[in-house]
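**Student:** First the structure, then my questions, so here it is.
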Amino acid sequence: MRGKIVRGCVWGALLLGCLLLSWHCAETLDDLYPSVSVRLETPLTQAQAGMLEDTSCTVTCWWEEEGVAETEYASCSALAMRYCGTLGDIRRLTFVEGTEPGALQEQEGLVSSALAQSLWGSTNVVGQTFSWNGEIWTVSAVFEGDDCALCLPSETAAGAVCLELTGGTVENDPVGAVSDFLALTGLDGGAGTVYGPQMGTLLRLLNWVPLAICGIWCLWALKQRFPIRRLALRRGLFWGLVLLAAVLVPIGMGRLPGWLTPPRWSDFGFWCRLWTSAGERLEEWFQVVPLTKDVSAKQMLLCWAVGWGGSLLCWSECRYLATGPLDTGRLNRE
């Protein structure tokens, strides 16, 4: 009996760890992909960059470039993300020191904690200057990062190969919004589109599946252990649960984005088309030429799959320890 309790505690701890891992990975994926990302075959020209202001959605442009960051003390090879627009639409960063440079602050950039340690031996480097590809920059903030990286604002979007779309109809109809955007601007989005926010939403919804299974089983186990014999009490509990569901279901549906809500609830084919479309978007994501944050996102997706699958396995073991194997012989005798 004691060994069974110990095994149950171990599997319960593993279940909690797997649940926390899956939720952490989904939240991290949200931070990596706060916006729908359109990847271009060729870099933006100055004329094309001017056309982006006429669209109904907000566009943040960015690209990556390699170089060497230098100070009077040291130098280090790094990867810079040059951006024109709102940095938070590209990736949500956790700041160790300082803040994102404002619109009126010129030649101020952000460095990762790893790069700050490599160049200055400390993360308390706000206000320090460094050279990047012949330009002098001032550190406005240090963000968490294990790789030597920078985020440097640009006055122009010319040269960008990635466009982050927010606002307009992007939230409720991302696929249609991207099609309209490309048709209006005439840009070639043949390099692919990453529907990151929608991917994060699906992962968060799937994270509720193990919790729902555990909750339903616990309620069933309580009912078996403490049966309610009075008819009036059973009816009161039943109608109480119905009332609770009637209150919570509309609230939950109201929090869903438009692309997850069918136009008519009688359209049962909507859910089949939704999963087919999700599979196509996922396949398109894997075909996109990966940038730095794409590699990190795929690692998070793999960790999420391990955590989500592990939570189901751990729940199965916990249930087995609590109830034992199914006695098929007794069922046959009955």
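**Student:** Keeping to the stretch 1-40, report how many residues are modelled with pLDDT of 85 or more, among the β-branched types (V, I, T) and open to solvent by 20 Å² or more (accessible area, probe 1.4 Å).
**Tutor:** Selection size over the stretch 1-40: 2.
**Student:** Have a look at L182, L237, L233 and point out the one that is in contact with a strand residue (DSSP E or B) (Cβ under 8 Å, 6 or more places away or on another chain) and either polar (S, T, N, Q) or not in a loop (DSSP other than H, G, I, E, B) (or both).
**Tutor:** It is L182.
**Student:** Does L233 satisfy the criteria of being exposed (fewer than 11 other Cβ atoms within 10 Å of the Cβ), more than 30 Å from E135 (Cα to Cα) and either at pLDDT below 80 or among the aromatic types (F, W, Y) (or both)?
**Tutor:** So L233 passes the test.
**Student:** Now a separate question. In the stretch 206-230, what residues are of a type outside the set (D, E, K, R) and outside any helix (DSSP H, G or I)?
**Tutor:** Selection gives F226, P227, I228.
**Student:** I've got another one for you. What do you reckon, is S140 in a helix (DSSP H, G or I), in contact with a strand residue (DSSP E or B) (Cβ under 8 Å, 6 or more places away or on another chain), within 18 Å of F95 (Cα to Cα) and open to solvent by 10 Å² or more (accessible area, probe 1.4 Å)?
**Tutor:** Taking the combined requirement at face value, the residue does not satisfy it.
**Student:** Between A114, A74, A158, A69, which is aliphatic (A, V, I, L, M), out of contact with any strand residue (DSSP E or B) (no Cβ under 6 Å at 6 or more places or on another chain) and farther than 30 Å from P197 by Cβ?
**Tutor:** Among A114, A74, A158, A69, only A74 is aliphatic (A, V, I, L, M), out of contact with any strand residue (DSSP E or B) (no Cβ under 6 Å at 6 or more places or on another chain) and farther than 30 Å from P197 by Cβ.
**Student:** Next up: Using the structure shown, decide if T156 is under 30 Å from L44 (Cβ atoms) and either of a type in the set (K, R) or assigned to a helix (DSSP H, G or I) (or both).
**Tutor:** Judged against the criteria, T156 is not a match.
**Student:** Scan the stretch 275-304 for residues that are open to solvent by 50 Å² or more (accessible area, probe 1.4 Å) and within 23 Å of S179 (Cβ to Cβ) and jot them down.
**Tutor:** Answer for the stretch 275-304, where residues must be open to solvent by 50 Å² or more (accessible area, probe 1.4 Å) and within 23 Å of S179 (Cβ to Cβ): W275, T276, E280, R281, L282, E283, F286, Q287, V289.
**Student:** Do you know which residues across the stretch 184-218 are within 21 Å of L21 (Cβ to Cβ) and among the polar types (S, T, N, Q)?
**Tutor:** T201, N207
**Student:** Going through the stretch 41-71 one residue at a time, which ones are open to solvent by less than 60 Å² (accessible area, probe 1.4 Å) and in contact with an Asp or Glu (Cβ under 6 Å, 6 or more places away or on another chain)?
**Tutor:** T60, the sole residue that qualifies.
**Student:** Might you check whether a residue that is closer than 26 Å to S35 by Cβ and open to solvent by less than 60 Å² (accessible area, probe 1.4 Å) occurs anywhere in the stretch 207-220?
**Tutor:** Looking through the stretch 207-220, at least one residue is closer than 26 Å to S35 by Cβ and open to solvent by less than 60 Å² (accessible area, probe 1.4 Å).
**Student:** Also, I was wondering about something else. Assigned to a helix (DSSP H, G or I), among the basic types (K, R) and free of Cβ contacts under 8 Å to residues at least 24 places away in the same chain - does that describe any residue in the stretch 261-278?
**Tutor:** yes
**Student:** In the stretch 183-206, which residues are small (G, A, S) and either surrounded by 15 or more Cβ atoms within 10 Å (Cβ to Cβ) or touching a residue at least 24 places away in the same chain (Cβ under 8 Å) (or both)?
**Tutor:** Within the stretch 183-206, G186, G189, G190, A191, G192, G196, G200 qualify.
**Student:** Scan V175, V170 and give me the residue that is touching a strand residue (DSSP E or B) at 6+ places or on another chain (Cβ under 6 Å) and either charged (D, E, K, R) or closer than 28 Å to W259 by Cα (or both).
**Tutor:** Result of the check over V175, V170: V170.
**Student:** Right, next: Among the numbered criteria (1) assigned to a loop (DSSP other than H, G, I, E, B); (2) in contact with a Leu (Cβ under 8 Å, 6 or more places away or on another chain); (3) of a type in the set (D, E, K, R), which one does E72 miss?
**Tutor:** So the condition that E72 fails would be (2).
**Student:** A follow-up question, please. Kindly check whether there is at least one residue in the stretch 238-249 that is more than 19 Å from the chain's Cα centre (by Cα), within 16 Å of T201 (Cβ to Cβ) and open to solvent by less than 100 Å² (accessible area, probe 1.4 Å).
**Tutor:** Scanning the stretch 238-249 turns up no residue that is more than 19 Å from the chain's Cα centre (by Cα), within 16 Å of T201 (Cβ to Cβ) and open to solvent by less than 100 Å² (accessible area, probe 1.4 Å).
**Student:** Just to be sure I understand the filter: pairs with C-beta atoms under 6 Å, separated by 6 or more residues or on different chains, first member in the stretch 34-51 and more than 21 Å from W285 (Cβ to Cβ), second member among the small types (G, A, S) and buried (at least 22 other Cβ atoms within 10 Å of the Cβ). Which pairs pass?
**Tutor:** L44/A157; L44/A160; A49/A157
The values are calculated or read from the model by the stated rules, or taken from the named source; none is laboratory data. Remember, predicted model here, so these are calculated numbers, not experimental data. A quick note on method: Cβ atoms are made from the backbone with ideal geometry, for glycine too, and the neighbour counts reach across all protein chains shown. Heavy atoms of the whole protein, side chains included, go into the accessibility calculation; ligands, DNA and RNA do not. Shrake-Rupley method; radii C 1.70, N 1.55, O 1.52, S 1.80 Å.
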